[in-house]
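Written out below as structure tokens is the structure these notes cover.
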Amino acid sequence: MVKPLIVVNFKTYDSASGERAIELAKAMRDADHSKATFVAVVSAFDLCETAKLGGVEVWSQHLDPVGQGGYTGWLEPNTAIERGARGTIINHAEHKVDLGHVEQLLSMLPDGFPVCACAADVEEAKALAILNPDFIAVEPPELIGGDISVTTADPQIVTDTVNAVKSVNPNVRILCGAGVKNGEDVAKAIELGSEGVLLASGVTKSGHPSVVLADLVSKL
Ligand code: G3P
């Protein structure tokens, strides 16, 4: 069986930027990988340095479907890959794009470069599933950054997303996120049919990321 994914989004948290991004990526590298695969989703500014560490998979927080050349300020996929990105999230609630953006991006990326498309609800998840991303992460925006995990506040959105997405495209793997903080939340996410979690503040704002990372896998 494939190990669950624990995807930690560093966002632009000061506690997960620059030197602190490297420290956090090291904590993830040194976490217990026996029961889960850890992915660090870092700022483009920190991609190169965190990827150089090795031992933890590093993804981009966003990519744009553009080529190399006259595209000021865009996040160009080949450069991200060269700098060490091994996957990306796209359409995060804090960085929405249209379906055309996701479709074009998917058509440009090499095989084996996982894309996790974020969805706010079941309908958006279904629309994204047709485009065949590797993962869809369902995250109710109102629960993001809060203290109550989606798995407690709205377990049905997770099961409904799993069922809806699998009926459209059984190849897509489902993650869930928003408010995920501990091992119980991760275990519940798996019980609800998802294959991992996407989280941020539970790790980035904890002050003791190694302890939280250990707790996240403790009930698997
Ligand atoms: O990308 C993960 C995210 O949006 C959830 O954030 O802080 O609720 O874990 P958080």
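Figures for the structure shown
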| item | result |
| --- | --- |
| Residues of type lysines that K166 reaches as a straight line, Cα spacing below 22 Å, ignoring anything fewer than 8 places off in the same chain | K3, K126, K188 |
| Which of H101, H95 has the fewest Cβ neighbours within 10 Å, and the rest in rising order | H95, H101 |
| Per-residue Cβ neighbour rank within 10 angstrom, fewest leading, T72, T50 | T72, T50 |
| Amide H within-cut-off set for W59, under 5 Å, with H built and near neighbours excluded | A40, V41, V42, R86 |
| The stretch 1-80-the stretch 165-187 distance, computed between alpha-carbon centres (Å) | 19 Å |
| In sequence order, calculated HN-Hα J values of the stretch 124-138 (Karplus, 6.51, -1.76, 1.60; Hz; x Gly/Pro) | 5, 4, 5, 5, 6, 4, 4, 7, 6, x, 5, 10, 10, 10, 8 |
| Relative exposure of D14, D30, judged by other C-beta atoms within 10 Å (fewest first) | D14, D30 |
| Violating pairs (Cα-Cα greater than 19 angstrom) within the set K52/K181; K11/K205; K35/K181; K35/K219 | K52/K181 |
| Cβ-defined net charge surrounding A178, 9 Å radius [Lys, Arg +1; Asp, Glu -1] | -3 |
| S34/L99 FRET efficiency (R0 45 Å; Cβ-Cβ; nearest 0.05) | 0.75 |
| More than 22 angstrom apart: percent of Cα pairs within the chain | 46 percent |
| Two-site FRET efficiency, N163 against Q68, from Cβ-Cβ distance with R₀ of 45 Å, rounded to 0.05 | 0.65 |
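Readers should treat all values here as calculations from the given coordinates under stated rules, not as data from a laboratory. Just so it is clear, the structure is predicted and the values come from calculations on it, not from any experiment. Cβ sites come from the backbone with ideal geometry, for glycine too, and all protein chains shown count toward neighbours.
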